[in-house]
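Trainee: Take a look at the following structure, please.
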Amino acid sequence: MTFWRFSRCKRLGPALLVGLALVLSACGGGGGQGAGSEGSGSETGGGGTGGGTTQAVLHIGMDGDAGTLDPRLAQDTTAYRLYNLMYDGLVQLDDHFQPVPDLATSWDNPDPTTWIFHLRDDAKFWDGTPVTAEDVVYTYKTILDPNFKAPYRSLYTPIQDVVALDDHTVKFVLSQPYSALFAYLDMGIVPEHVATQPGSDLASHPVGSGPYKFVSWEKNDKIVLEANPDYFGGVPKIQTLEFDIVPDNTARAQALEAGDLDLIQSPLSPQDVVRLKGENFQKVETTAPGITYLNFNTKDPILSDVRVRRAIAELVDQQTIITQIYQNIDQPATSILIPRWFAYDPSIKQPTYNPDDADKLLAEAGWKDTDGDGILDKDGKKLSIVLSTQSEVSERVQTVEFLQNTLRSHGIDATTKVSDWPSFIAPVLAGQYQIALLGWLNLVDPDRGMYSQFHTGAGSNWGGYSNPEVDKYLDAGRTDTDLQKRTEDYRQAAAIIAQEVPYYILSYQGFQVFYSPKLKGFEPNPRGYFRSLMNATFGD
């Protein structure tokens with residue numbers, strides 16, 4: 001298990017090193033990346049206060065390294081959180097997921113399929129080049145180009161064309177009304193003149209217009225940013241941000257306690273959350289726009305039978321897992337609809353813990369123990385299930401082990417496959433798994449949490465789920481402009497999904513932030529973004 005790289009140990013005091021050695025021998029905790037996450041900070045682009053900078057270096061603990069620093073290619077939480085500091089979007093999203101001005105100061109909607117954005121004239125990339133409408137056009141056209149392989153291209157496909165009307169006016173032409181559009185317009189705008197240069201690599205050497213500039217990146221160790229002295233919103237007062245990569249949750253918490261880190265946030269181990277609450281740190285607790293869930297591969301020969309999926313769902317002792325393993329820092333889920341969404345409806349319920357009914361469903365599906373070995377079989381094949389998850393998150397490891405024991409007690413030959421994040425997620429993305437325990441973060445709109453995951457053939461539908469009725473409702477949720485109609489669309493889709501169980505939603509994720517009392521003016525964002533650091537101070 002990766003714990004704390006030796007290159008970081010030189011910053012730790014002797015007492016903390018002893019503590020880390022004890023944890024290494026006794027703890028399986030660790031922070032993990034939610035697969036495919038997206039979002040932005042809550043402040044407007046013009047929110048900076050200016051007035052000079054301090055010489056402070058703020059050390060922020062991150063649970064994983066970024067895969068890329070090119071916003072168009074980002075698909076992990078660290079990448080999104082950092083690019084939101086280095087780049088500006090047309091808009092930012094506030095804590096209620098509503099758009100507020102950033103590069104765009106205003107916008108018009110002359111007809112249902114046309115949006116015109118008016119850009120500020122004082123935004124510059126770090127090399128001094130003005131941000132123009134052509135940069136906006138370039139950014140979105142590359143995302144839409146299938147050859148560019150933007151991981152979330154499907155979120156933008158209703159955009160038919162992007163046209164620069166002049167240097168500071170850009171028009172979006174849609175193929176149809178698209179109600180979720182603004183949820184995705186916080187995408188960082190990249191400089192065309194840099195991106196198109198031979199040898200340019202924004203993935204490792206970003207050039208943005210945001211409040212913090214890129215300095216350096218030591219892979220799997222740290223990423224350093226510095227205040228942008230020319231930022232249109234004012235110069236950030238904290239001069240340097242160092243993002244230290246510490247995959248293990250407990251190591252990250254102990255580093256905060258030792259003073260080696262100044263700010264940490266979820267994912268955190270429940271026992272560390274309880275301890276940190278009693279210490280002298282600033283703390284914020286809220287619910288995140290995220291879920292932890294079991295992803296069923298509906299193309300698998302065994303799991304293609306909805307009765308088997310429902311039976312396994314009815315063998316998930318959700319309350320015990322949330323209470324004993326997660327120690328109630330997460331909230332038991334009832335469906336894919338999360339409480340922060342306008343479409344949330346607690347009356348829509350996925351299967352609940354019911355072992356007797358699970359046994360009946362398996363028998364109905366033809367699974368019986370014909371040879372008396374304690375394992376159900378059918379047509380000469382054992383009912384074998386592999387539960388996979390990432391090693392860095394101890395609660396997920398404990399959960400699959402707990403579920404493994406439950407399944408075995410009901411005649412299912414259940415095994416676990418636990419590996420580091422890259423080794424875990426690669427076969428999931430390729431559809432080569434049975435049941436995977438992982439999470440989604442930054443689900444800022446029902447479209448963000450459902451379309452790519454459940455629509456037939458969509459990019460994040462790794463389990464191959466397909467239902468024409470669900471497709472119909474998800475399509476309607478994009479095109480209906482009336483909020484009540486959208487609400488009904490997503491509730492109809494969620495009701496079907498709850499019954500067919502391509503996902504079993506284990507929990508609605510909690511979100512915790514702990515930071516030094518010396519950090520003033522920081523307003524934690526439930527998606528974990530750091531935009532408000534541009535207005536903060538750090539020091540005695």
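The values are calculated or read from the model by the stated rules, or taken from the named source; none is laboratory data. From a predicted model like this one, the values you see are computed outputs, not experimental measurements. Neighbour counts run over all protein chains shown; Cβ positions are idealised from the backbone, glycine included. Ligands, DNA and RNA are excluded from the accessible area calculation, which covers all protein heavy atoms including side chains. Shrake-Rupley method; radii C 1.70, N 1.55, O 1.52, S 1.80 Å.
Trainee: Out of all the residues in the range 94-111, which are in contact with a Ser or Thr (Cβ under 7 Å, 6 or more places away or on another chain) and at pLDDT 95 or above?
Mentor: The answer is 100, 101, 102.
Residue by residue, here is whether (1) more than 28 Å from residue 312 (Cβ to Cβ); (2) part of a helix (DSSP H, G or I); (3) open to solvent by 30 Å² or more (accessible area, probe 1.4 Å); (4) not charged (D, E, K, R) holds:
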site: 444; (1), (2), (3), (4): yes, no, no, yes
site: 448; (1), (2), (3), (4): no, yes, no, no
site: 457; (1), (2), (3), (4): no, no, yes, yes
site: 492; (1), (2), (3), (4): no, yes, yes, yes
site: 495; (1), (2), (3), (4): no, yes, yes, yes
site: 514; (1), (2), (3), (4): yes, no, no, yes
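Trainee: Further, regarding this structure: Go through the range 277-292 and count every residue that is within 23 Å of residue 439 (Cβ to Cβ) and surrounded by fewer than 20 Cβ atoms within 10 Å (Cβ to Cβ).
Mentor: Residues flagged as within 23 Å of residue 439 (Cβ to Cβ) and surrounded by fewer than 20 Cβ atoms within 10 Å (Cβ to Cβ) within the range 277-292 amount to 6.
Trainee: Tell me, please, whether a residue that is closer than 19 Å to residue 404 by Cα, open to solvent by less than 60 Å² (accessible area, probe 1.4 Å) and not β-branched (Val, Ile, Thr) can be found in the range 320-339.
Mentor: Within the range 320-339, one or more residues are closer than 19 Å to residue 404 by Cα, open to solvent by less than 60 Å² (accessible area, probe 1.4 Å) and not β-branched (Val, Ile, Thr).
Trainee: Is there any pair with a first residue in the range 525-540 that is in contact (Cβ under 8 Å) with a residue 12 or more places away in the chain and a second that is hydroxyl-bearing (Ser, Thr, Tyr) and assigned to a helix (DSSP H, G or I) whose Cβ atoms are under 9 Å apart and which are 6 or more apart or on different chains, and what are they?
Mentor: 525/532; 527/77; 527/80; 528/77; 528/80; 529/80
Trainee: Counting only residues that are assigned to a loop (DSSP other than H, G, I, E, B) and either buried (at least 22 other Cβ atoms within 10 Å of the Cβ) or of a type in the set (Asp, Glu) (or both), how many does the range 209-268 have?
Mentor: 20
Trainee: Just to be sure before I move on: is residue 108 closer than 30 Å to residue 482 by Cα and without any contact (Cβ under 8 Å) to a residue 12 or more places away in the chain in the structure I sent?
Mentor: Details: closer than 30 Å to residue 482 by Cα: yes; without any contact (Cβ under 8 Å) to a residue 12 or more places away in the chain: yes.
It is true that residue 108 is closer than 30 Å to residue 482 by Cα and without any contact (Cβ under 8 Å) to a residue 12 or more places away in the chain.
Trainee: Restricting the range 184-206 to residues that are in contact with a strand residue (DSSP E or B) (Cβ under 8 Å, 6 or more places away or on another chain) and open to solvent by 10 Å² or more (accessible area, probe 1.4 Å), which is nearest to residue 105 (Cα to Cα)?
Mentor: 205
Trainee: Residue by residue through the range 409-427, note down the ones that are surrounded by fewer than 23 Cβ atoms within 10 Å (Cβ to Cβ) and either under 26 Å from residue 378 (Cβ atoms) or more than 17 Å from the chain's Cα centre (by Cα) (or both).
Mentor: 409, 410, 411, 413, 415, 416, 417, 418, 419, 420, 423, 427
Trainee: Is it fair to say residue 143 is surrounded by fewer than 22 Cβ atoms within 10 Å (Cβ to Cβ) and either within 29 Å of residue 78 (Cβ to Cβ) or in contact with a helix residue (DSSP H, G or I) (Cβ under 6 Å, 6 or more places away or on another chain) (or both)?
Mentor: no
Trainee: If you don't mind, there's one more thing I want to ask. Out of the residues in the range 395-408 that are within 24 Å of residue 270 (Cα to Cα) and of a type in the set (A, V, I, L, M, F, W, C), which is most open to solvent (accessible area, probe 1.4 Å)? If you could, list the steps in order and put the result at the bottom.
Mentor: Narrowing the range 395-408 to residues within 24 Å of residue 270 (Cα to Cα): 395-406.
Filter again for of a type in the set (A, V, I, L, M, F, W, C), leaving 397, 400, 402-403.
Numbers: 397: 27, 400: 3, 402: 66, 403: 7 Å².
Top of the filtered list is 402.
Trainee: Given the residues 348, 435, 375, which is the only one that is in contact with a strand residue (DSSP E or B) (Cβ under 6 Å, 6 or more places away or on another chain), farther than 20 Å from residue 297 by Cβ, modelled with pLDDT of 95 or more and aliphatic (A, V, I, L, M)?
Mentor: Only one candidate passes the filter, namely 375.
Trainee: Quick one: what pairs do we get from the range 352-364, first residue more than 18 Å from residue 500 (Cβ to Cβ), second among the polar types (S, T, N, Q), C-beta under 9 Å, 6+ apart or different chains?
Mentor: Taking only residues 6 or more apart or on different chains, the pairs are 353/318; 353/319; 353/320; 355/406; 355/409.
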